[in-house]
1. For a 31 Å ceiling on Cα separation, which of these pairs sit above it: K39/K70; K28/K70; K48/K75; K70/K95?
2. Sticking with the crude label model, points 7 Å out along Cα→Cβ, report the distance from N3 to I73 in nm, one decimal please.
3. Kindly report the accessible area of region 1-49 per residue (heavy atoms of protein chains, probe 1.4 Å, no ligands, DNA or RNA), in Å².
4. Spin-label point model (7 Å from Cα, Cβ direction): what's the M97 to K60 distance in nm?
5. Quick check: pseudo-label points 7 Å beyond the Cα along Cα→Cβ at K39 and A146, how many nm apart are they?
6. Indicate the gyration tensor shape class of region 1-54 (rounded, prolate or oblate), computed on the Cα atoms with a ≥ b ≥ c the square roots of the eigenvalues: a/c under 1.5 is rounded; otherwise a/b larger than b/c is prolate and the rest oblate.
Amino acid sequence: MFNDIGPLELVTIIVLAVLVFGPDKLPKVIQDVMRTIRKIREFSESAKHDIRAELGPEFKDFEFEDLNPKTFIRKHLDNDELGLKEIRNGFDLKKEMAEVTDAVHGRDGSSASPSSSSSSSGGRVDMTKKPETPGDDERPPFDADAT
């Protein structure tokens, strides 16, 4: 229950409890707190038992911890029925990102397919942004909205 409380924190809580309640009332307060915790546990266990009884025999192995989204996803995705482990192990994010970066910067990469592009520069599409400069005998395009 108190797995993440260290010894220094526990001593601090005990000293504060003695200072707040006093040494004569402290045992009574501890008994009252323990009785309240016991009642809450009994109430929660009886509620769980009632819910399991109402759900019927097909839900006899139902665990309330499975309602936590992390636990639910972990339980259903860790089994190897879907083959997700092979997909997860076969996907190299760094390699994929390097290929995309190479394609964006116009560098030759190992996964480039010349049939998928229409540019004459080695069969790859140059996706870099370069300002288009008109030739010596060519006029810039006319933009009627700009004048």
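1. From the list (K39/K70; K28/K70; K48/K75; K70/K95), the Cα-Cα distance tops 31 Å for K28/K70.
2. Going by the 7 Å Cα→Cβ label model, 2.1 nm.
3. For region 1-49, the per-residue accessible area is 92 Å².
4. 5.0
5. The two pseudo-label positions are separated by 8.2 nm.
6. It comes out oblate by the Cα gyration axes.
The values are calculated or read from the model by the stated rules, or taken from the named source; none is laboratory data. Just so you know, these numbers come straight off a predicted model, no measurement behind them. Neighbour counts are summed over all protein chains in view; Cβ atoms, including those assigned to glycine, are modelled from backbone coordinates with ideal geometry. Just so you know, the surface numbers come from the protein's heavy atoms only, side chains and all, with ligands and any DNA or RNA stripped out. Shrake-Rupley method; radii C 1.70, N 1.55, O 1.52, S 1.80 Å.
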